[in-house]
Amino acid sequence: MEKRKETAVVYRQQPIADDVYDMWIETSLAREAKAGQFISVFTRDRSSLLPRPISICETDRENERLRIVYRVAGKGTTEFSDYRAGNKIDILGTLGNGFPTEKAAGKRVFLMGGGIGIPPMLQLAKDITENSEVCIILGYRNSQLFLSEDLSQYGTAYISTEDGSVGVRGNVLDVIEKNGLSADIIYACGPLPMLRAIKKYAKTAGIPAYISLEEKMACGVGACLGCVAKTSMVDHHSHVKNSRICTDGPVYLAEDVEI
Amino acid sequence: MKLNTKIKIAGVEFKNPVMTASGTFGSGMEYSEFTDLNRLGAVVTKGVANVPWEGNPTPRVCETYGGMLNAIGLQNPGLDVFIERDIPFLKKFDTKIIVNVCGRSIADYVEVVEGLSDQPVDMLEINVSCPNVSHGGIAFGQNPDCLFEITKEIKAKAKQPIIMKLSPNVTDITEMAKAAEAAGADAISLINTITGMKIDIHRRKFALANRTGGLSGPAIKPVAVRMVYQAANAVKLPIIGMGGIATADDAIEFMLAGATAVAVGMMNFVNPYATGEIVSGIEDYMRRYDIRNISDIIGAVTD
């Protein structure tokens, strides 16, 4: 799979929650993009040079479009949120390993997304729904349930909110406990405390959990060694238990990373 | 018009003056998907130590105005893996190989230099200027006496010509250049990154786990050009100039200041095609100004 930097075009964009934007872009990268991979998005502001890594939410291979859903967190993402249909947008991709979807076949699956970790769950759900029994567990801050309708088409959806306004008050692990749910395999993306809790849960339950990590990145292609995750085994690149998230991740088997 | 883009450093001929800055290009593998390595004057590898180094905790990088800070801490697989995996990869291309060497003590550096003596590498770049490791690195590069000593020791053991990579974090760059020259270095490269710091005001925390990091990118270019100019006027050694080079125009500017060759660093992250584009852009400049030999512009700036 070849990586490249190209100028894509914004197809459409809209806000879907406070500070959360939903953007479709037209790019040939859509042909190869896998669930759990990401693209690096460059700003036009030349004082801000490094790209922003953003996970792929959905791919439309036929029309060569990618969907990204991101939270405005600083000046780069603020700039992106102003883009309108027809605007050009420089991207580098497709990056990262993606979720191992083949491992879900014939299994009862938990897809667990927390906050801005929810978007990559959508393409994953679409890819595995046919051959798996999918249980989608989404954790939000409040009643702004972005992407929950999209996701619930592909499995049984449960919701937790921090403020208790919808679903279970608490987090995604509380949903499992309150509803007595179980699964054979987990795929998850979200904040680090959530991923740590999932790693612990998976170990106790004796099931594999594939978790998507994030870290501050520079090159995005495995050259700079800026974004590493501590691994339990020696990594294949530097042989030091520091794996490159951008290239060897962002998806890891939870037991393989020290988080 | 036939363009001659060749340059020579310590008897080694390069097809053009465009190189990669150590640490920004791995051992070439990652960027070979974007850039034809055959087009480059040389690939300068990520620092290699005698044994694997795990580097610093994360976050290791952060963006700054017109640049970035890094504190990777020289994570590398060590000499054995490098020889087994990275050199054979690079040998597949028609480009020169310059290996960046790092260490915590003179003995560490010497071990790497000796280990590379029978390897098909063209030059060695000695990293005595990394600001992000607590032992070695910059400690050797901030004092002219230490720099003299380590240069002399390494030069005595090295089979390939050596380039001393200088730190900008000094009071007078010419003193350091002179020390390297006096100790027998074959060339110098500059500048390594400038020590900096960033604080996240919302979280009230350092942006980097290492607290400080090395600043690189276009933000540092004027400092780098000035130091290359000063060093070029202080010593006779050939200079590989770097620091924020993004375009062929930047590369030409460094050469006019006195650099024989140039290296592209952080801008590889911003434009993975940058090195190849700079090679083409230098040729365009030569045609535009009727320059037959690129070496004619080295140090050609006037008042």
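The values are calculated or read from the model by the stated rules, or taken from the named source; none is laboratory data. Bear in mind the structure is a predicted one, so any value in this text is a computation, not a measurement. Here Cβ is always computed from backbone atoms with ideal geometry, including for glycine, and neighbour counts include all displayed protein chains.
Okay, here's what the table says:
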quantity	calculated
Residues of the range B:177-224 satisfying the condition of being among the β-branched types (Val, Ile, Thr) and either more than 19 Å from B:Gly141 (Cα to Cα) or touching a Ser or Thr at 6+ places or on another chain (Cβ under 9 Å) (or both)	B:Ile191, B:Thr193, B:Ile194, B:Thr195, B:Ile199, B:Ile201, B:Thr212, B:Ile220
Any hit, the range B:49-59, residues being part of a loop (DSSP other than H, G, I, E, B), surrounded by fewer than 22 Cβ atoms within 10 Å (Cβ to Cβ), of a type in the set (Val, Ile, Thr) and over 19 Å from the mean Cα position of the chain (by Cα)	yes
Candidate set from the range B:271-289 (those that are in contact with a strand residue (DSSP E or B) (Cβ under 9 Å, 6 or more places away or on another chain) and either under 19 Å from B:Leu215 (Cβ atoms) or of a type in the set (S, T, N, Q) (or both)); member that is nearest to the other protein chains (Cβ to nearest Cβ)	B:Asn271
Filtered residues of the range A:227-256 (kept if at pLDDT 95 or above, in contact with a helix residue (DSSP H, G or I) (Cβ under 8 Å, 6 or more places away or on another chain) and aliphatic (A, V, I, L, M))	A:Ala254
Verdict on B:Cys62 being surrounded by fewer than 23 Cβ atoms within 10 Å (Cβ to Cβ), in contact with a strand residue (DSSP E or B) (Cβ under 8 Å, 6 or more places away or on another chain) and closer than 30 Å to A:Glu215 by Cα	yes
Of all residues in the range B:75-93 being at the interface with chain A (Cβ under 9 Å from one of its Cβ atoms) and within 20 Å of the chain's Cα centre (by Cα), the one that is surrounded by the fewest Cβ atoms within 10 Å (Cβ to Cβ)	B:Gly78
Failed item, numbered, when B:Pro52 is tested on (1) touching a strand residue (DSSP E or B) at 6+ places or on another chain (Cβ under 6 Å); (2) within 14 Å of chain A (Cβ to nearest Cβ)	(1)
Residues of the range B:141-165 that turn out to be closer than 16 Å to B:Gly184 by Cα and out of contact with any Asp or Glu (no Cβ under 6 Å at 6 or more places or on another chain), as a count	17
Any hit, the range B:113-121, residues being within 16 Å of the chain's Cα centre (by Cα) and at pLDDT 95 or above	yes
Among residues of the range A:25-48, those that are among the basic types (Lys, Arg) and away from every other protein chain (no Cβ under 14 Å), counted	2
Which listed residue, of A:Ser28, A:Ser48, A:Ser55, is hydroxyl-bearing (Ser, Thr, Tyr) and surrounded by 24 or more Cβ atoms within 10 Å (Cβ to Cβ)	A:Ser55
Qualifying position, being under 28 Å from A:Gln153 (Cβ atoms), modelled with pLDDT of 95 or more and among the basic types (Lys, Arg), among A:Lys5, A:Lys34	A:Lys34
Among (1) among the charged types (D, E, K, R); (2) assigned to a strand (DSSP E or B); (3) more than 8 Å from chain A (Cβ to nearest Cβ), the one test that B:Arg104 misses	(2)
Any hit, the range B:21-29, residues being buried (at least 23 other Cβ atoms within 10 Å of the Cβ), of a type outside the set (Gly, Ala, Ser) and free of Cβ contacts under 8 Å to residues at least 60 places away in the same chain	no
Meets criteria (among the hydroxyl-bearing types (Ser, Thr, Tyr), surrounded by fewer than 24 Cβ atoms within 10 Å (Cβ to Cβ), touching a residue at least 40 places away in the same chain (Cβ under 8 Å) and under 30 Å from A:Val228 (Cβ atoms)) for B:Thr174	no
The listed residue being buried (at least 24 other Cβ atoms within 10 Å of the Cβ) and on the phi > 0 side of the Ramachandran plot, out of A:Gly86, A:Gly36	A:Gly36
Check on B:Ala300, surrounded by fewer than 18 Cβ atoms within 10 Å (Cβ to Cβ) and either touching a residue at least 12 places away in the same chain (Cβ under 8 Å) or not aliphatic (A, V, I, L, M) (or both)	yes
Scope the range A:146-155; condition without any contact (Cβ under 8 Å) to a residue 60 or more places away in the chain and closer than 21 Å to A:Leu195 by Cα; matching residues	A:Ser148, A:Leu151
